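Student: The following block contains the structure, expressed as structure tokens.
The values are calculated or read from the model by the stated rules, or taken from the named source; none is laboratory data. Nothing here was measured: the structure is a model prediction, and the numbers come from that model. Please note: Cβ atoms are built from the backbone with ideal geometry, for glycine as well, and neighbour counts cover all protein chains shown.
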Amino acid sequence: MTVDPPGTAAQSQRRAELSVNLERLRARVARACASVGRSPDEVTVVAVTKARPASDVRILAELGVRDVGESRDQEARVKVAACADLPLAWHFVGQLQRNKAASVARYAHVVQSVDRESLVQALDRGAAQAGRHLGVCLQVDLDPRIGGGQLRGRGGAMPDAVPALAQAVEDASHLELLGLMGVAPQGIDPGEPFGLLGEVHGRLLESHPGATVLSAGMSGDLEAGIAAGATHVRIGSALLGARSTLK
Ligand SMILES: *Cc1c(COP(=O)(O)O)cnc(C)c1O
């Protein structure tokens with residue numbers, strides 16, 4: 001197995017930092033769960049390591065993190081290869097172009113940001129070629145202001161497009177429908193968009209009872225996500241520190 005340059009002072013300092021952050025984050029998740037009568041065992045932290053080096057991923061794995069998120073194919077591909085010896089599940093959480101789908105299908109375990117049928121088909125073909133199966137979450141657009149328009153910033157399907165997309169995933173032989181993902185729009189109370197996401201999820205579960213994943217909540221709004229029933233929170237800055245460039 002490959003190791004980082006043997007115990008440099010910088011590495012051990014980073015390890016101490018990430019260890020404290022992870023402990024704080026777990027306590028925060030536990031408090032959020034307690035305040036709405038849920039068990040923290042129901043919530044998986046996905047560490048979003050975009051714009052962070054593979055050495056951080058390695059430290060997080062040593063600290064017990066098992067789910068890692070990335071949002072750009074080029075960056076993710078390299079990091080996954082550098083961490084191939086680690087027992088990690090890789091979640092692709094960023095907006096995905098169809099021409100990158102085959103690449104993502106070679107290494108991702110879960111693609112959380114599927115929001116259109118052309119992507120469903122491209123991922124299914126890519127997974128078939130790679131001899132793999134992928135878990136899929138449908139990303140729902142939660143922005144009431146610009147939803148569905150060309151100004152859509154963070155991607156996502158309109159809530160009423162979810163049933164057809166879910167069926168397309170079910171029909172794809174190399175994809176498994178896991179559930180839904182949503183990003184709360186900035187500048188408004190996240191309770192409302194996450195409440196909508198929870199409702200859409202409730203309806204999805206009626207026809208697809210296996211689609212139990214609800215990925216909602218980031219560093220700034222994980223409490224609202226957990227209150228709305230999140231099974232997965234996607235945490236970057238609260239765990240890894242502020243990014244110099246936002247992606
Ligand atoms: C970057 C990112 C996150 C993590 O964001 P933080 O605010 O740093 O926790 C979560 N989800 C998606 C889709 C992201 O792009």
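Student: Does any residue in the range 227-244 that is on the phi < 0 side of the Ramachandran plot and in contact (Cβ under 8 Å) with a residue 60 or more places away in the chain come within less than 6 Å, Cβ to Cβ, of a residue that is near the ligand (Cβ under 7 Å from one of its atoms) and of a type in the set (A, V, I, L, M, F, W, C) six or more places away or on a different chain, and which pairs are these?
Tutor: If the second residue must be near the ligand (Cβ under 7 Å from one of its atoms) and of a type in the set (A, V, I, L, M, F, W, C), the pairs left are R234/V48; R234/V93; R234/M218; G236/V48.
Student: A further question on this structure: If you scan the range 6-15, which residues turn out to be at pLDDT 95 or above and loosely packed, with under 11 Cβ neighbours inside 10 Å?
Tutor: Correct list: Q13 only.
Student: In the range 106-120, how many residues are within 13 Å of A166 (Cβ to Cβ) and part of a strand (DSSP E or B)?
Tutor: The total comes to 1.
Student: Separate question: Report yes if some residue within the range 106-117 is closer than 16 Å to G69 by Cα and basic (K, R); otherwise report no.
Tutor: yes
Student: Here's a follow-up. Condition first: more than 6 Å from the ligand (Cβ to nearest atom) and either farther than 15 Å from D56 by Cα or at pLDDT below 95 (or both). Now tell me which residues in the range 231-240 satisfy that.
Tutor: Answer for the range 231-240, where residues must be more than 6 Å from the ligand (Cβ to nearest atom) and either farther than 15 Å from D56 by Cα or at pLDDT below 95 (or both): T231, H232, V233.
Student: When residues of the range 35-73 are filtered for being over 12 Å from L240 (Cβ atoms), more than 14 Å from the ligand (Cβ to nearest atom) and under 17 Å from the mean Cα position of the chain (by Cα), how many remain?
Tutor: So the count comes out to 4.
Student: Which pairs turn up if I take residues in the range 183-202 that are closer than 13 Å to Q139 by Cα and look for partners that are β-branched (V, I, T) and loosely packed, with under 13 Cβ neighbours inside 10 Å with beta carbon separation below 7 Å, at least 6 apart in sequence or on another chain?
Tutor: From residues that are closer than 13 Å to Q139 by Cα, there are no pairs.
Student: Scan the range 104-135 residue by residue and report those that are of a type in the set (G, A, S), surrounded by fewer than 18 Cβ atoms within 10 Å (Cβ to Cβ) and at negative phi. Step through it out loud before you land on a result.
Tutor: Within the range 104-135, the subset of a type in the set (G, A, S) is 105, 108, 113, 118, 122, 126-128, 130-131, 135.
Okay, now just the ones that are also surrounded by fewer than 18 Cβ atoms within 10 Å (Cβ to Cβ), so 118, 128, 130-131.
S118, A128, A130, listed by residue number.
Student: Just the residues that are in a loop (DSSP other than H, G, I, E, B) and surrounded by fewer than 20 Cβ atoms within 10 Å (Cβ to Cβ), please, taken from the range 66-81.
Tutor: Within the range 66-81, the first condition is being in a loop (DSSP other than H, G, I, E, B), and the residues that meet it are 66, 71-72.
R66, R72, listed by residue number.
Student: Separate question: Give the residues of the range 193-247 that are outside any loop (DSSP other than H, G, I, E, B) and of a type in the set (S, T, Y), sorted by residue number. Step through it out loud before you land on a result.
Tutor: Of the residues in the range 193-247, the ones outside any loop (DSSP other than H, G, I, E, B) are 193-207, 213-216, 222-227, 232-235, 237-240.
S207, S215, S237 - these are the residues of the range 193-247 that are outside any loop (DSSP other than H, G, I, E, B) and of a type in the set (S, T, Y).
Student: Let me ask something else. Just one of A227, A211 is surrounded by 21 or more Cβ atoms within 10 Å (Cβ to Cβ), away from the ligand (no atom under 16 Å from the Cβ) and over 17 Å from C137 (Cβ atoms); which is it?
Tutor: Working: A211 fails: over 17 Å from C137 (Cβ atoms).
Just one listed residue meets the conditions, A227.
Student: Here is a further query. Within the range 82-98, count every residue that is more than 16 Å from the ligand (Cβ to nearest atom) and either surrounded by 16 or more Cβ atoms within 10 Å (Cβ to Cβ) or without any contact (Cβ under 8 Å) to a residue 12 or more places away in the chain (or both). Write out each step before concluding.
Tutor: Filtering the range 82-98 down to residues more than 16 Å from the ligand (Cβ to nearest atom) leaves 82-88, 98.
Filter once more, keeping what is either surrounded by 16 or more Cβ atoms within 10 Å (Cβ to Cβ) or without any contact (Cβ under 8 Å) to a residue 12 or more places away in the chain (or both): 83-84, 86, 88.
Adding up the residues that qualify gives 4.
Student: Residues to consider are L180, L222; find the one that is in contact with a Cys (Cβ under 9 Å, 6 or more places away or on another chain), within 14 Å of the ligand (Cβ to nearest atom) and of a type in the set (A, V, I, L, M).
Tutor: Working: L222 fails: in contact with a Cys (Cβ under 9 Å, 6 or more places away or on another chain).
From the options L180, L222, the qualifying one is L180.
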